[in-house]
Structures are given as structure tokens and as C-alpha cells.
Amino acid sequence: MALKSPPPYVKGHNLIEGKSVLITAAAGAGIGFAAAKRAAEEGARGIVVSDIHQGRLIKSVEALKAETGLDAIYPKLCNVTIESDVQELVDYAEEVLQGVDVLINNAGLGGTVMLTDMSDAQWSSVLDVTLNGTMRMIRAMLKKMQPRGAGVIVNNASVLGWRAQKEQCHYAAAKAGVMALTRCAALEAADFGVRINAVSPSIAFHDFLKKTTPIELLEELASKEAFGRAAEVWEVANVMMFLASDYSSYMTGEIVPVSSQRA
């Protein structure tokens, strides 16, 4: 079956007008960059984007400013596996944005390897970025949001947190952990008026994914989706914007599939 064409790009509707946003792993052409662009298009007053690649990060900020017209976009290097980096990022974003209203945890690391061939280092690196990094960011941000009695956190999970797939034991375990972390942290944060939810994409094509996963497998997975195609990264970002907005004010601890099949 031939892959179907994506729908037209959706224009912004000021869903997060006046809010400030911090996004991890936002350099490049993936979901994080798409989320930053959508945040600007949806009325964000300021955005901090972070990544571990300085050159790519600077280029991404320049592109975001040029494409959206929002000048208040700030780059900050951060490795979410390093606690001091996380603290510096959160403190920087709090200062430059005069308080962070929305945190989008997009940092994650994947790979393709059979469990019997997987080293401890491969297992640990994926979990440290994808799960532990998300935890570190939530922990640091809640310490800022909870005293204010407001804030929203959106995590990036994956349908692999529900669905089995060969050669994905480390990534699936990490994303299932992100889901559980989202639910438990949301209950704790609810007492302070802070909401935490997650999106769970099935497959969205971007450059990094194409580098780490055989294209034949990607095309096979995409062809099994109901629409016969992978998601566009901005389609995932659209749902992130909904969760970041006041339209989702009664949602917390939820994992929202961005997919045409849940499992």
C-alpha cells in the first residue's frame, strides 16, 4: 500500500497565548523542534529550547525566529543525564522567561538491538536519557511550579510503552517508565495545581529516527497505521499544545496516544 500524504499544516489558534515554554531536545528537525515552532505559533510569549548539540541548537533557534517571527527564543545547552545541567537549565529558563509556565520533556534516546546482544552500557544510556532525564526535569521544575500553584508538564512517551516490538527492550522499558512516572508525579503535583500529562506517538518520521532505525522497518511500521503513513512531527506537537493549554484543564496523569493504533 502506498503511503498517504499528510494533511495540510494547521495554523495557530493562540492555544497557549501569553505562556512561557521550556523544551528539551529541541534542536534539529524532530518533535522537539516542531513543538517549539508550534508553541510560538500558538502564542507563547517566550521559549527556551535546550539540547546537547550546540551548533545544531543555535541553528534551530535562528530558524525558529525566522519562521515564527518570535524573537524571545533562547538556547541553552543541557545534558539531562547530568543533574547540574538540569538545575542550570531550569534556573536559566526561570530567569529569562520570568517563570516557566510549560515544560515539554522531549529528550529521549533509542536504538535497535536484540536483548541478547545488548550491553549494560546500551541499556543504561537509553534509560538514563529517556526515563531518568525526564524524572530529573520534572523534579527540578516542580520545585519551581508547585510554590506558584500553577504549571503544566508534557512528557513524550511512546506506544512502545504499551506495545511489544523486537530489538526495543531498552527503549520500550524506558517509555513505559515515563508513562508510570507521569501518572504518579501527576497525583503528587495535583495538590499544588500543577498538571502532568504525556503524549504517546506511534511513529513520526524525522532525521534522527532515520539514522537509528532501518528505513525498511520504518516503512513497514508506517504502512500498518490506519492512515497508511507515519505522523508528521507537527501532528504530535499539536497534541502537546492541547495538553499545554487550558483546554485540557481537567486532564492530569493521562497518556494520550498520537496514533491510529494504540497497541
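The values are calculated or read from the model by the stated rules, or taken from the named source; none is laboratory data. This is a predicted model, so every value here is computed, not measured. For neighbour counting, all protein chains shown are included, and Cβ atoms are generated from backbone atoms with ideal geometry for every residue, glycine included.
Taking the options V154, V126, name whichever one is within 26 Å of E220 (Cβ to Cβ), touching a Leu at 6+ places or on another chain (Cβ under 9 Å) and crowded, with 17+ Cβ neighbours inside 10 Å.
Working: V154 fails: within 26 Å of E220 (Cβ to Cβ).
So the residue among V154, V126 that is within 26 Å of E220 (Cβ to Cβ), touching a Leu at 6+ places or on another chain (Cβ under 9 Å) and crowded, with 17+ Cβ neighbours inside 10 Å is V126.
Please determine, by comparing only the residues of region 204-233 that are touching a strand residue (DSSP E or B) at 6+ places or on another chain (Cβ under 9 Å) and at pLDDT 85 or above, which one is nearest to R148 (Cα to Cα).
The selected residue is V233.
The rows are residues; the columns are (1) basic (K, R); (2) more than 21 Å from A35 (Cβ to Cβ); (3) surrounded by fewer than 15 Cβ atoms within 10 Å (Cβ to Cβ); (4) touching a residue at least 60 places away in the same chain (Cβ under 8 Å).
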| residue | (1), (2), (3), (4) |
| --- | --- |
| Y74 | no, no, no, no |
| N79 | no, no, no, no |
| V102 | no, no, no, yes |
| S119 | no, yes, yes, no |
| M145 | no, no, no, no |
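Restricting attention to region 38-65, which residues are among the hydroxyl-bearing types (S, T, Y) and in a helix (DSSP H, G or I)?
Pass one, region 38-65, residues among the hydroxyl-bearing types (S, T, Y): 50, 60.
Passing the criteria: only S60.
Which residue pairs have Cβ atoms closer than 6 Å, lie 6 or more positions apart in sequence or on different chains, and pair a first residue in region 1-30 that is in contact (Cβ under 8 Å) with a residue 24 or more places away in the chain and over 15 Å from G151 (Cα atoms) with a second residue that is polar (S, T, N, Q) and outside any loop (DSSP other than H, G, I, E, B)?
Every condition considered, the pairs that remain are M1/S223; T24/S50; T24/N105; A27/S60.
For E94, all conditions in the list (1) under 16 Å from W234 (Cα atoms); (2) of a type in the set (D, E, K, R); (3) buried (at least 17 other Cβ atoms within 10 Å of the Cβ) hold save one; what is the number of the exception?
Of the numbered conditions (1) under 16 Å from W234 (Cα atoms); (2) of a type in the set (D, E, K, R); (3) buried (at least 17 other Cβ atoms within 10 Å of the Cβ), the odd one out for E94 is (1).
Could you check how many residues of region 68-83 are assigned to a strand (DSSP E or B) and either within 16 Å of S124 (Cβ to Cβ) or among the hydroxyl-bearing types (S, T, Y) (or both)?
Number of matching residues: 1.
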